[in-house]
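Novice: Pasting a structure below so you can have a look.
The values are calculated or read from the model by the stated rules, or taken from the named source; none is laboratory data. Predicted, not measured: the structure shown is a model, and the values here were computed from it. Note: ideal-geometry Cβ built from the backbone for every residue, glycine included; neighbour counts use all protein chains shown.
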Amino acid sequence: MVNLSNIKVAYGNRILFKNSGFLIRPGDKIGLVGPNGSGKTTIFRLIANEESPDEGSVTVDPGIVVGYFSQDVGEMSGHSVLNEVLAGAGRVFEASIEMTKMEHLMSDQKAMSALTDDEMGKFMDHYGEIQSEFQNLGGYELEDNAKAILDGLGIPEERQNQKVETFSGGWKMRIALARILVLNPNVLLIDEPTNHLDIETIIWLEEWLKSFKGAVMMTSHDRDFMTRICNRTIEVAGENIFTYSGDYDFYLQESKIRREQLIAGQRRQQAMLAKEEEFIARFAARASHAAQVQSRVKMLEKVERIIIPPDPKKIKLKLNPITRGGDIVVTLDNLAKEWPLPDGSTHPVFSGISGIIERGNKIALTGINGAGKSTLLKVIAEQTEATAGISTIGASINLGYFSQYSSDMLNLNSSIYEEVAARLPNETIGYIKNLLGSFQFSGDDVEKKISVLSGGEKSRVMIACLLAEPVNFLVLDEPTNHLDIASREVLLEALQDFKGTVIIVSHDRYFLRNVVNRVFEIDHGAMKIFEGDYNYYLEKS
């Protein structure tokens with residue numbers, strides 16, 4: 001369906017990839033991976049015809065519809081959520097508009113009577129063609145499908161008639177994703193679809209994509225999500241594009257083997273080049289060897305140098321030693337929380353929450369979107385007071401709290417390096433740069449001002465600061481947002497090695513399975529405690 005052949009894309013002197021290509025076949029489910037800046041988004045834009053390659057070709061078979069979901073949702077205003085989504089349905093939506101116009105005309109007796117018999121026949125023939133096309137494209141199920149998709153993405157029917165401009169950026173991302181799913185394209189390109197989604201919505205989307213009949217190519221920082229859906233992996237790295245005939249776990253194994261083979265091939269090539277260059281240098285001045293020298297010079301000019309992709313090996317984040325706190329870290333006693341509403345009433349979030357967090361526990365806090373997970377973490381971290389009950393921090397507990405709003409505490413006038421160094425005055429330059437490198441800040445990036453960073457970059461700076469501070473109790477609200485898989489692995493290993501206590505909210509199931517040993521679930525305002533890891537919780541719940 002889609003063929004990228006011998007493509008090259010370069011920005012100035014920087015080559016993303018050259019002499020590269022791959023096929024997207026019917027029914028393919030492809031995970032697109034590679035370091036930040038390697039060209040994954042460029043590949044999406046090439047297929048979606050938003051960019052053209054410098055060399056080579058991108059061919060999409062006639063009649064193939066490509067749908068592209070990116071993080072740039074554009075302007076949304078003036079429509080209800082439902083109409084915004086329906087407008088993304090492509091030809092079937094256009095046919096519905098044309099049918100509606102023709103039906104309005106048919107209801108106008110004066111206008112219809114003015115048509116000749118020949119004009120009337122052509123009009124009705126055209127209406128029949130449009131109606132048949134609308135039916136074949138699933139038009140009569142379109143609105144029901146759109147409502148079901150929106151509901152699956154967390155926007156229930158009672159909110160689908162609200163204006164899109166009343167929704168926040170994260171919810172607009174869901175609306176944009178719904179537009180692409182309703183389009184039902186032959187080839188679906190989705191760039192980080194799980195950003196801004198909770199676990200329940202991710203699971204719904206996962207099932208939808210599994211049953212989707214078309215081809216899918218996706219990027220995702222959610223390792224579980226990508227592994228469960230994709231049966232092929234395409235890697236962009238080292239000015240090349242590599243195809244692996246298996247899922248992400250298969251790719252991890254095979255990419256190590258391929259990298260070792262490339263390194264061995266590069267060594268052989270460098271030995272050959274050195275030998276030829278030595279011959280050229282030795283005999284360049286001899287007229288008797290002029291032809292041989294020229295021949296070897298031309299041969300060397302044609303040799304395609306083997307480039308080794310950046311080593312994907314993760315940086316090991318070394319945490320500072322922590323002081324030992326008391327055995328009881330937090331006691332929750334009959335907690336309740338209500339938020340005041342503008343009309344003077346209150347919105348109950350939870351009540352009757354009781355439990356004990358013991359030293360060394362690593363706890364996942366779960367529950368549906370809006371259950372009160374973030375609110376409970378705020379109460380525990382003393383960011384807000386409970387309406388009733390008591391939350392008590394134990395003896396010698398030094399608490400570190402991270403939320404999506406934590407980055408508001410950063411000094412906008414500082415550089416990234418200055419901000420972290422100010423929080424860690426006793427650490428070496430090397431330690432701080434290693435810490436920042438593990439969260440994707442390297443080279444000149446560390447000199448960027450906090451004021452110019454995106455929300456995700458600020459979050460990464462805040463996590464780096466928090467992990468390096470000598471706290472023995474971490475309260476983490478969605479720390480994995482905005483982290484790629486490599487950085488999530490760094491954070492995962494850091495939390496596995498962390499000798500203190502953790503309570504965490506995250507929608508990354510792979511992350512939770514490999515960190516937590518207990519689960520607290522908020523369900524209908526109350527809390528259930530599962531004395532086992534995340535897999536145990538999934539089985540029991």
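Novice: Of the residues that sit in the range 53-96 and are outside any helix (DSSP H, G or I) and of a type in the set (S, T, N, Q), which one is farthest from ILE175 (Cα to Cα)?
Specialist: SER57
Novice: Just one of (1) in contact (Cβ under 8 Å) with a residue 12 or more places away in the chain; (2) within 30 Å of GLY430 (Cβ to Cβ); (3) surrounded by fewer than 12 Cβ atoms within 10 Å (Cβ to Cβ) trips up MET299, so point out which.
Specialist: (2)
Novice: If ARG460 satisfies all but one of (1) touching a strand residue (DSSP E or B) at 6+ places or on another chain (Cβ under 7 Å); (2) over 23 Å from THR366 (Cβ atoms); (3) of a type in the set (D, E, K, R); (4) surrounded by 19 or more Cβ atoms within 10 Å (Cβ to Cβ), what's the number of the condition it fails?
Specialist: (1)
Novice: Need the failing condition index for THR233 against (1) modelled with pLDDT of 90 or more; (2) over 25 Å from GLU489 (Cβ atoms); (3) surrounded by 20 or more Cβ atoms within 10 Å (Cβ to Cβ), just the number.
Specialist: Looking at each condition in turn, THR233 falls short on (2).
Novice: Looking at the range 404-414, is at least one residue under 24 Å from SER374 (Cβ atoms), among the hydroxyl-bearing types (Ser, Thr, Tyr) and surrounded by fewer than 18 Cβ atoms within 10 Å (Cβ to Cβ)? Before the answer, list the steps.
Specialist: First, pick out the residues of the range 404-414 that are under 24 Å from SER374 (Cβ atoms): 404-410.
Next, from what is left, pick out any that are among the hydroxyl-bearing types (Ser, Thr, Tyr): 405-407.
Checking which are surrounded by fewer than 18 Cβ atoms within 10 Å (Cβ to Cβ) leaves us with 405.
Yes; the residues of the range 404-414 include at least one that is under 24 Å from SER374 (Cβ atoms), among the hydroxyl-bearing types (Ser, Thr, Tyr) and surrounded by fewer than 18 Cβ atoms within 10 Å (Cβ to Cβ).
Novice: Need pairs with beta-carbon distance below 7 Å; first residue closer than 10 Å to ARG518 by Cβ and not assigned by TED's automatic domain parsing to the domain that holds GLU478 and within the range 355-367, second modelled with pLDDT of 95 or more and of a type in the set (S, T, N, Q); sequence gap 6+ or separate chains.
Specialist: Between residues of the range 355-367 that are closer than 10 Å to ARG518 by Cβ and not assigned by TED's automatic domain parsing to the domain that holds GLU478 and residues that are modelled with pLDDT of 95 or more and of a type in the set (S, T, N, Q), there is no close pair.
Novice: Is it the case that some residue within the range 274-285 is out of contact with any helix residue (DSSP H, G or I) (no Cβ under 9 Å at 6 or more places or on another chain), among the acidic types (Asp, Glu) and in the same structural domain as SER406 (by TED's automatic domain parsing)?
Specialist: No, because not a single residue in the range 274-285 is out of contact with any helix residue (DSSP H, G or I) (no Cβ under 9 Å at 6 or more places or on another chain), among the acidic types (Asp, Glu) and in the same structural domain as SER406 (by TED's automatic domain parsing).
Novice: Spot the failing condition for GLY430; the list is (1) crowded, with 21+ Cβ neighbours inside 10 Å; (2) at pLDDT below 90, and only one is missed.
Specialist: (1)
Novice: Still on this structure, I have one more. When only residues in the range 351-384 that are at pLDDT below 90 and among the hydrophobic types (A, V, I, L, M, F, W, C) count, which is surrounded by the fewest Cβ atoms within 10 Å (Cβ to Cβ)?
Specialist: Checked the range 351-384; the qualifying residue surrounded by the fewest Cβ atoms within 10 Å (Cβ to Cβ) is ILE368.
Novice: Limited to the range 401-417, what total is found for residues that are touching a Leu at 6+ places or on another chain (Cβ under 9 Å) and either outside the structural domain of VAL475 (by TED's automatic domain parsing) or within 16 Å of PHE439 (Cβ to Cβ) (or both)?
Specialist: 6
Novice: Looking at ASP191, ASP247, can you tell me which residue is in contact with a Cys (Cβ under 9 Å, 6 or more places away or on another chain) and either among the aromatic types (Phe, Trp, Tyr) or at negative phi (or both)?
Specialist: On the way: ASP191 fails: in contact with a Cys (Cβ under 9 Å, 6 or more places away or on another chain).
Criteria check complete, one pass: ASP247.
Novice: Mind listing whichever residues of the range 16-52 are part of a loop (DSSP other than H, G, I, E, B) and within 24 Å of PRO62 (Cβ to Cβ)?
Specialist: Across the range 16-52, the qualifying residues are ARG25, PRO26, GLY27, ASP28, ALA48, ASN49, GLU50, GLU51, SER52.
Novice: Does GLN266 satisfy the criteria of being in contact (Cβ under 8 Å) with a residue 40 or more places away in the chain, assigned to a helix (DSSP H, G or I) and over 27 Å from the mean Cα position of the chain (by Cα)?
Specialist: yes
Novice: Looking at the range 469-541, what helices (runs of 4 or more DSSP H) fall wholly within it and have at least 1 residues that are surrounded by fewer than 23 Cβ atoms within 10 Å (Cβ to Cβ) and among the acidic types (Asp, Glu)?
Specialist: It comes to 485-497, 534-540.
Novice: Which of the numbered conditions does ASN334 fail, given that it passes all the others? Conditions: (1) touching a strand residue (DSSP E or B) at 6+ places or on another chain (Cβ under 7 Å); (2) buried (at least 16 other Cβ atoms within 10 Å of the Cβ); (3) on the phi > 0 side of the Ramachandran plot.
Specialist: Evaluating ASN334 over (1) touching a strand residue (DSSP E or B) at 6+ places or on another chain (Cβ under 7 Å); (2) buried (at least 16 other Cβ atoms within 10 Å of the Cβ); (3) on the phi > 0 side of the Ramachandran plot leaves (2) as the failure.
Novice: Across the range 368-384, what is the total count of residues that are under 19 Å from VAL515 (Cβ atoms) and not aliphatic (A, V, I, L, M)?
Specialist: Looking only at that region, the number is 2.
Novice: On to the next question. Those residues that are of a type in the set (S, T, N, Q), in contact (Cβ under 8 Å) with a residue 60 or more places away in the chain and farther than 30 Å from PRO62 by Cα, I need them from the range 149-201; list them, please.
Specialist: GLN160, ASN161, GLN162, THR194, ASN195, THR201
Novice: Does any residue of the range 34-53 turn out to be more than 23 Å from the chain's Cα centre (by Cα) and surrounded by 14 or more Cβ atoms within 10 Å (Cβ to Cβ)?
Specialist: yes
Novice: Just give me the residues in the range 109-133 being among the small types (Gly, Ala, Ser) and under 25 Å from GLU94 (Cα atoms), in sequence order. Give the derivation first.
Specialist: As a first pass, look at the range 109-133 and keep what is among the small types (Gly, Ala, Ser): 111, 113-114, 121, 128, 132.
Of everything in the range 109-133, those that are among the small types (Gly, Ala, Ser) and under 25 Å from GLU94 (Cα atoms) turn out to be ALA111, GLY121, GLY128, SER132.
Novice: Select, from SER57, SER70, the only residue that is surrounded by 16 or more Cβ atoms within 10 Å (Cβ to Cβ) and out of contact with any Cys (no Cβ under 6 Å at 6 or more places or on another chain). Let's see the steps before the verdict.
Specialist: Numbers: SER57 fails: surrounded by 16 or more Cβ atoms within 10 Å (Cβ to Cβ).
The conditions single out SER70.
Novice: Just to confirm my filter: which helices (runs of 4 or more DSSP H) fall fully inside the range 97-191 and include at least 3 residues that are of a type in the set (A, V, I, L, M) and within 24 Å of the chain's Cα centre (by Cα)?
Specialist: The qualifying helices (runs of 4 or more DSSP H) are 142-152, 169-183.
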